[in-house]
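The values are calculated or read from the model by the stated rules, or taken from the named source; none is laboratory data. Treat the numbers as computed from the prediction; the structure is a model and nothing was measured. We place every Cβ from the backbone using ideal geometry, glycine too, and count neighbours over all the protein chains shown.
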Amino acid sequence: MHFDLADLRLFVHIAESPSLTQGARRAHLSAAAASARIKALESQLDSRLLYRDNRGVELTPSGQRLLQHARLILRQVERLKDDFSEQGGDQAGHIRIFANTTAVTEFLPEVLAGFLAARPAVTVDLQERLNRDIVRAILDGSADLGIVAGPVRAEGLEILHFSTDHLVLAVPPGHALERLGRPPTLADTLGYFHVGLHEGSTLQSFLREQVERLGGTLNLRIQVASFEAACRMIEAGVGIGVLPETAARRHQRSMGLSILQLDEPWVVRERSVLVREREALPGCARTLVELLRQVGDGVVAP
């Protein structure tokens, strides 16, 4: 059985696109040519790989299996090219990163800015995802690196701790929770309007889970797209919000915010990098992992 790398790459493009036409465009082929090559691949494997309808394409179980193998094969090919590249081990390549909200908005932009400025031939695809989706993506090979906060179940993956953050409660100055005489609990906050992040953010999903465990309801008055917007709403008295301490302290320097410690066991969050096999990563990805760990340890500035 002979596999053409171009066909495997085309199949991955189609699987990661909403339609065959868009996948073909990513592979610089016409839709007709792409369809013919996929049919030839199905004939060779004696398996149907895609369901096609007016809404787009969907992978069959056989297609899901092929996608996992194709991603691994193409990653190994990229590793081979990287090892023999004239530009050096970490100076070229592509890295796909799935990360939680805090990583995407708070520290990764600075880390990646310096990393990419020193490596013009490296490209990065950074996407915000939930922890469970990050774990799944690393396991099935759809992402190279995952960045998560808090405990995760990730059997079969390497979990590399690199820093610690805390969740705090941000309130407008003079808020009633400041006068409790003790650190508030999450339950103490449920009688007030909350400012939350957009649906799908890791932090918002995490908070909903904690509130559901209490048997309560999170009284969301507004949801916004960033920590900066959340802090501005809190400053204006729209509500209160649970935020990473790094974000809250940074915005406190330019906004009127009071920051309260929460009396909850889950406020300390360990940040970790997830990889399937560190030594199998391209050189640029391995270098980025080490840079993240150094930044987390305070060895270098982001």
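The condition of being within 21 Å of F107 (Cα to Cα) and assigned by TED's automatic domain parsing to the domain that holds G174 holds for only one of T217, T202, that being T202. Among residues of segment 70-85 being among the charged types (D, E, K, R) and surrounded by fewer than 14 Cβ atoms within 10 Å (Cβ to Cβ), the one that is modelled with the lowest pLDDT is D83.
For segment 18-40, the count of residues that are within 23 Å of the chain's Cα centre (by Cα) and in a loop (DSSP other than H, G, I, E, B) is nonzero. Of all the listed residues (A137, A143, A103, A154), the sole one being more than 25 Å from G63 (Cα to Cα), of a type in the set (G, A, S) and not in a strand (DSSP E or B) is A103.
Among the residues of segment 268-290, those that are surrounded by 18 or more Cβ atoms within 10 Å (Cβ to Cβ), of a type in the set (A, V, I, L, M, F, W, C) and either modelled with pLDDT of 85 or more or within 16 Å of L207 (Cα to Cα) (or both) comprise V273, L274, V275, C284, A285, L288, V289. Across segment 268-287, the number of residues qualifying as out of contact with any helix residue (DSSP H, G or I) (no Cβ under 6 Å at 6 or more places or on another chain) and outside any strand (DSSP E or B) comes to 9. Tell me which residues, restricted to segment 150-164, are modelled with pLDDT under 85 and surrounded by 14 or more Cβ atoms within 10 Å (Cβ to Cβ). Result: G150, V152, A154.
Starting from residues that are among the aliphatic types (A, V, I, L, M) and modelled with pLDDT under 90, keep the ones in segment 123-137 and report whichever is farthest from E199 (Cα to Cα). So, considering only residues that are among the aliphatic types (A, V, I, L, M) and modelled with pLDDT under 90, the one farthest from E199 (Cα to Cα) is A137. Within segment 86-143, the set of residues being closer than 24 Å to S163 by Cα, surrounded by fewer than 20 Cβ atoms within 10 Å (Cβ to Cβ) and either touching a His at 6+ places or on another chain (Cβ under 6 Å) or of a type in the set (G, A, S) (or both) comprises A113, G114, A117, A118.
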